[in-house]
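Q: This structure is in structure tokens; I'll ask about it shortly.
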Amino acid sequence: MGTMDPDQTVDEATTPVVLDVTDPTTRTVALERAAEAVGEGECIVLPTDTVYGIGADALDPLAVQRLLNTKERGRDMPPPVLVGDAAVLPALCDAVPQAAHDLAEEFWPGGLTLVLRAQESLTMDLGETHGTIAVRVPDQDATRELLRLTGPLAVSSANKSGRPPALTVAEATEQLGVEVAVYLDGGQSRIGEPSTIIDFASTSDGKVLRQGALSLDEIHRIAPAVVGLPEPDPEPEPEPADPQPADPEPVENGTDPTS
């Protein structure tokens, strides 16, 4: 599916609105149109460095619920929040352990999501977060520019729940269609796998909840106390098969000698 001019009028009830953010001459208008949709409580699809995401205003509970409904996901799987700069962390999070601060300084923008205790004063309703918030700064220029226009966005991978994440805007439109107000086309996702998620809400040392774009070796270079995912149980050795009896020798007339 091709992109269109940001000023072009289409039937948005039947045709997804796809706007190019790779062209500097149209990027600003495309981002402003996406930001306008976010301000109206709509969902948008945006490129990130990992995979394409579906986003909504993180401060609008109805918009966040629309995002979950579009993905066919329950409130027990709340979306993370994308921000344009790590400087907003104190406004969102109650405390940032030193290891989390060091990882953010090293790997943001990038494929790292930090789970932290949320500020009690936050009005966000992202689902059943149990007082936590998952935050990331994406390594995608157009998306960070958009985030400066919109403020924090609740963003999850741009796919129906249980289906593969979209790596191109075409894959996102195929799955989500006109349930999304605006699609921003940033080309092929560079990394192609979700971010690594580290939980600092339950422990100040941190523990990996999902191993993704950032390897454990990279994490340990900055924060050696972070606990990795448990090793999978080794596959049990297969039991030796019972020896099979040799095929009986055929008799001359071709019948089974046991019959």
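Q: Among (1) touching a residue at least 24 places away in the same chain (Cβ under 8 Å); (2) open to solvent by less than 20 Å² (accessible area, probe 1.4 Å); (3) not acidic (D, E), which single condition is V208 missing?
A: Single failed check for V208: (1).
Q: What number of residues in the range 188-223 are more than 24 Å from G53 (Cβ to Cβ), part of a loop (DSSP other than H, G, I, E, B) and touching a helix residue (DSSP H, G or I) at 6+ places or on another chain (Cβ under 9 Å)?
A: Counting residues in the range 188-223 that are more than 24 Å from G53 (Cβ to Cβ), part of a loop (DSSP other than H, G, I, E, B) and touching a helix residue (DSSP H, G or I) at 6+ places or on another chain (Cβ under 9 Å) gives 3.
Q: Please count how many residues of the range 177-218 are within 13 Å of the chain's Cα centre (by Cα) and at positive phi.
A: Step one: list which residues in the range 177-218 are within 13 Å of the chain's Cα centre (by Cα), which gives 189, 191-197, 210-213.
Next, from what is left, pick out any that are at positive phi: 192.
Qualifying residue count for the region: 1.
Q: Report yes if T173 is polar (S, T, N, Q), touching a Gly at 6+ places or on another chain (Cβ under 6 Å) and modelled with pLDDT of 95 or more, otherwise no. So that I can check it myself, show each step before the final result.
A: Working: polar (S, T, N, Q): yes; touching a Gly at 6+ places or on another chain (Cβ under 6 Å): no; modelled with pLDDT of 95 or more: yes.
No, not satisfied.
Q: Kindly indicate whether T22 is in contact (Cβ under 8 Å) with a residue 40 or more places away in the chain, open to solvent by 60 Å² or more (accessible area, probe 1.4 Å) and in a loop (DSSP other than H, G, I, E, B). Steps first, answer last, please.
A: Working: in contact (Cβ under 8 Å) with a residue 40 or more places away in the chain: yes; open to solvent by 60 Å² or more (accessible area, probe 1.4 Å): yes; in a loop (DSSP other than H, G, I, E, B): yes.
Yes, satisfied.
Q: If I ask for residues that are more than 11 Å from S156 (Cα to Cα), open to solvent by less than 10 Å² (accessible area, probe 1.4 Å) and at pLDDT 95 or above, which ones from the range 49-62 would you list?
A: A58, the sole residue that qualifies.
Q: Mind telling me which of the residues L126, L92, L147 ends up being hydrophobic (A, V, I, L, M, F, W, C), in contact with a helix residue (DSSP H, G or I) (Cβ under 7 Å, 6 or more places away or on another chain) and at negative phi? Steps first, please.
A: On the way: L92 fails: in contact with a helix residue (DSSP H, G or I) (Cβ under 7 Å, 6 or more places away or on another chain); L147 fails: in contact with a helix residue (DSSP H, G or I) (Cβ under 7 Å, 6 or more places away or on another chain).
Selected residue: L126, the only one of L126, L92, L147 that is hydrophobic (A, V, I, L, M, F, W, C), in contact with a helix residue (DSSP H, G or I) (Cβ under 7 Å, 6 or more places away or on another chain) and at negative phi.
Q: Further, regarding this structure: Within the group A104, A86, A99, which residue is under 24 Å from D141 (Cβ atoms), in contact with an Asp or Glu (Cβ under 8 Å, 6 or more places away or on another chain) and either at pLDDT 95 or above or open to solvent by 30 Å² or more (accessible area, probe 1.4 Å) (or both)? It would help to see each step written out before you state the result.
A: Values: A104 fails: in contact with an Asp or Glu (Cβ under 8 Å, 6 or more places away or on another chain); A99 fails: under 24 Å from D141 (Cβ atoms).
Exactly one of A104, A86, A99 is under 24 Å from D141 (Cβ atoms), in contact with an Asp or Glu (Cβ under 8 Å, 6 or more places away or on another chain) and either at pLDDT 95 or above or open to solvent by 30 Å² or more (accessible area, probe 1.4 Å) (or both), namely A86.
Q: Here is a follow-up. Could you tell me whether any residue of the range 153-176 is assigned to a loop (DSSP other than H, G, I, E, B), over 16 Å from the mean Cα position of the chain (by Cα) and either loosely packed, with under 15 Cβ neighbours inside 10 Å or not basic (K, R) (or both)? Please lay out each step first, then the result.
A: The first filter runs over the range 153-176 and keeps only residues assigned to a loop (DSSP other than H, G, I, E, B), leaving 158-168.
Subset that is over 16 Å from the mean Cα position of the chain (by Cα): none.
Looking for residues that are assigned to a loop (DSSP other than H, G, I, E, B), over 16 Å from the mean Cα position of the chain (by Cα) and either loosely packed, with under 15 Cβ neighbours inside 10 Å or not basic (K, R) (or both), one finds none in the range 153-176, hence no.
Q: Shifting gears a bit: Filter the range 30-42 down to residues that are within 14 Å of L149 (Cβ to Cβ) and open to solvent by less than 60 Å² (accessible area, probe 1.4 Å), then give me how many there are. Reasoning before the result, please.
A: Taking the range 30-42 and keeping what is within 14 Å of L149 (Cβ to Cβ), we get 30-40.
Those still in the list that are open to solvent by less than 60 Å² (accessible area, probe 1.4 Å) too: 30-31, 33-35, 37-38.
So the answer is 7.
Q: Turning to a different aspect of this structure: Show the residue pairs that are 6+ apart or on different chains and have beta-carbon atoms under 7 Å apart, the first residue being within the range 154-183 and within 21 Å of R144 (Cα to Cα), the second being among the charged types (D, E, K, R).
A: S156/K71; V169/D185; A181/E42; V182/R33
Q: Turning to a different aspect of this structure: Give the residue that is modelled with the highest pLDDT, with candidates limited to residues of the range 107-127 that are surrounded by fewer than 15 Cβ atoms within 10 Å (Cβ to Cβ) and of a type outside the set (G, A, S). Break it down into steps so the answer makes sense when it comes.
A: Of the residues in the range 107-127, the ones surrounded by fewer than 15 Cβ atoms within 10 Å (Cβ to Cβ) are 120-121, 123.
Then keep just the ones that are of a type outside the set (G, A, S); that gives 120, 123.
On the way: E120: 87, T123: 81.
Restricting to residues being surrounded by fewer than 15 Cβ atoms within 10 Å (Cβ to Cβ) and of a type outside the set (G, A, S), the top hit is E120.
Q: Go over the candidates D76, D57, D94 one by one and state the one that is in contact (Cβ under 8 Å) with a residue 24 or more places away in the chain and under 20 Å from A172 (Cα atoms). So that I can check it myself, show each step before the final result.
A: On the way: D76 fails: under 20 Å from A172 (Cα atoms); D94 fails: under 20 Å from A172 (Cα atoms).
Only one candidate passes the filter, namely D57.
The values are calculated or read from the model by the stated rules, or taken from the named source; none is laboratory data. No experiment lies behind these values; they were computed from the predicted model shown. Using ideal geometry, Cβ is built from the backbone for each residue, glycine included, and neighbour counts are taken over all protein chains shown. These area figures cover heavy atoms from the full protein model, side chains too; ligands, DNA and RNA do not enter into them. Shrake-Rupley method; radii C 1.70, N 1.55, O 1.52, S 1.80 Å.
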